[in-house]
Every structure is written in C-alpha cells, then in structure tokens.
1. Between exposed GluC sites (Glu not before Pro) in the chain, where DSSP calls loop and at most 10 other Cβ atoms lie within 10 Å, what's the longest gap?
2. What number do you get for region 61-134 when its Cα radius of gyration is normalised by 2.2 N^0.38 Å, N = residues?
3. Give the accessible surface of region 1-91 per residue, rounded to a whole number of Å², with probe radius 1.4 Å and ligands, DNA and RNA excluded.
4. Taking the chain as a Gaussian network, Cα atoms linked when under 10 Å apart, which of D125, D23, D87 shows the biggest mean-square fluctuation?
5. Probe radius 1.4 Å, ligands and nucleic acids ignored: give me the carbon and sulfur share of the accessible area of the chain as a rounded percent.
6. Looking at [x] 24, 17, 16; [y] 26, 16, 14; [z] 29, 22, 12, which value of semi-axes √(5λ) of the Cα gyration tensor in Å comes from a calculation on the structure shown?
Amino acid sequence: YQLGDRIQLLGYDLNSTTFHAGDRVELNLYWYTTGAVPYGYATFVHISNGGPPLAQADKQNPSGRPTVKWTSDGFIIDPYSISLPADMPAGEYQIMVGLYTCDTRPAGECGNGERLLVRDEAGADLGDAVPLVTITVR
C-alpha cells in the first residue's frame with residue numbers, strides 16, 4: 001500500500017485472525033519510505049465493524065522513531081498490542097491502518113489530523129486508511 005507520496009506499508013504480521021473478547025491483538029506493521037518525510041506522522045490502528053472503533057491504538061512516533069527521521073535504507077518494524085474489550089460482541093471486524101499529522105494544521109486545531117491518502121498496488125484510491133485484514137471475534 002502507498003500512503004501519500006513517500007510512505008509504503010509493505011506488510012504485517014498478526015498473531016491470529018480469530019479472537020475472543022478480552023484477547024490481545026498482536027500486530028507488527030512493516031513501513032518503508034522512498035524519500036524524506038516532510039511531516040511528523042502518527043499511526044492509527046482501528047478495529048471496527050463499520051462504526052466507531054471498538055478497539056484502537058495510536059502512536060505519535062511509529063516504531064518509536066519520528067517519521068521525519070525515517071530513511072530509505074531499510075524497513076521499519078512497528079509493533080502494536082491491542083486489548084479487545086471484555087464485552088466485545090462476536091462478529092467480523094476490519095483492522096484499518098493509516099497515518100495522520102497535525103503539523104499541517106494551526107496549533108490547537110488538529111482534530112483528527114490530516115490523513116495520508118492510500119492507494120493499493122494497482123494504484124486504486126482506497127481513501128485514508130488501509131483495509132488491512134478482517135478478524136473474527138467469537
């Protein structure tokens with residue numbers, strides 16, 4: 001997946017695709033940049049069935065490293081551990097991933113930030129989040 005002009009999501013590892021309420025989703029994202037990144041981006045990982053996220057994680061510095069310091073000499077491993085709510089209903093949920101910045105907004109007016117647009121490997125526009133994988137909660 002291509003996010004904006006310079007960042008790619010190369011792949012991911014996930015501890016399972018079937019979970020129970022209260023389980024931990026262990027996810028590693030693999031990022032790569034093709035050039036200098038002009039803004040500090042934060043990541044979001046949302047677990048949702050189409051509405052607001054029922055579980056999520058955000059990181060100001062993916063992999064503990066500001067994106068403005070990313071280089072194209074290798075990929076960046078970005079780990080997440082997300083607890084599913086103990087009362088999460090059974091069903092199918094999409095894990096959505098993206099990048100956003102507040103650097104392009106006036107101070108104090110970030111809101112949800114400005115998200116990078118996403119394209120798949122064929123160049124098709126996917127909006128502002130990567131539809132990473134569907135998981136099942138039993």
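The values are calculated or read from the model by the stated rules, or taken from the named source; none is laboratory data. As the structure is a prediction and not an experimental result, all values here were calculated from the model. Cβ placement follows ideal geometry from the backbone for every residue including glycine, while neighbour counts extend to all protein chains displayed. The accessibility values were calculated without ligands, DNA or RNA, using every heavy atom of the protein model including side chains. Shrake-Rupley method; radii C 1.70, N 1.55, O 1.52, S 1.80 Å.
1. That gives 1-108 as the longest site-free run.
2. My calculation over the Cα atoms of region 61-134 gives 1.37.
3. 50 Å²
4. Fluctuation is largest for D87.
5. It is 47 percent, rounded to a whole number.
6. Recomputing semi-axes √(5λ) of the Cα gyration tensor in Å here picks out [y].
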